[in-house]
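The values are calculated or read from the model by the stated rules, or taken from the named source; none is laboratory data. Note that this is a predicted model, so its numbers are computed, not measured. We work out accessible area using only protein heavy atoms, side chains counted, and drop any ligands, DNA or RNA first. Shrake-Rupley method; radii C 1.70, N 1.55, O 1.52, S 1.80 Å.
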Amino acid sequence: MSGFKRVKVLGGAVFMAAIIIICASCTNSMFIDSRDITSGEIEGFSIGMTKKDIFLIAQQKHVHAIRPLLNPSLYFDYSNFDALAPIGNGRSIELDDMHNLKVIYTITNCKVSAIKVLGLVSAPPSISIGDSCDSLFANLKKIVTDNHSSRVHEVISSHNESWFVIDSQQKDNAYLVNSYDVWSFEVSTIKPAGAEFVIYFSEGVAVRISYKRPRIRLE
């Protein structure tokens, strides 16, 4: 094949690829309304609203649950434990050894308020309810240093370790969602097929809202 023909074929391939990308983009926007705002409002949720405001509106819109989003899950062990920052009030951290040990510690008012054993062995006796955050982290560091198979990472403080139910009379510690600065939830009442929200907070108020809504309902 001559150089001219190669350039022609390559140019045609690039042109077709560009057409496909453009069509895919148009098709996506045709079927999905997707927005990301830092001012204004979407479906009643506004930038500047407090967590309480967002929570109450979500309940009014019959949202079933709010899922807090953590940073990508990162395990800390003896080699990088010093990089772990103390968790905030109302949040939880898990200790496990990838075998029989699995314990979740929840912090309230800068003290260990709950210890939940999920593994086959008892929780380490060096940590007790009422211990300070400093004491908790000092003992966790000693545990993972002494046992290199042990590791820690943050988990959601809800009973299911994933989301807080907010439309039920049953107590689910839904108030603990206030400890998190990124909320994700779905509003199923928005027509025709519901909408997904991710709301980012800073200093207790909404500073960014990501919104995604299908324009049509697929049966």
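In table form, for the structure just shown:
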read-out: Percentage relative contact order, the range 83-219, counting C-alpha pairs under 8 Å, at least six apart; value: 17 percent
read-out: Accessible area in the full protein assembly, largest first, 1.4 Å probe, for MET98, MET49; value: MET98, MET49
read-out: Relative contact order computed over the range 124-199 (Cα-Cα under 8 Å; 6+ residues apart), in percent; value: 14 percent
read-out: Surface share of carbon and sulfur [accessible, 1.4 angstrom probe, percent] for the range 118-198; value: 50 percent
read-out: Heavy-atom surface of the range 21-152, accessible at 1.4 Å and reported per residue (Å²); value: 57 Å²
read-out: Amide H contacts of ALA65 (H built 1.01 Å from N, under 5 Å, at least 5 apart or other chain); value: ILE166, GLU186
read-out: Residues whose placed amide H lies under 5 Å from that of ASN173, excluding near-sequence neighbours; value: none
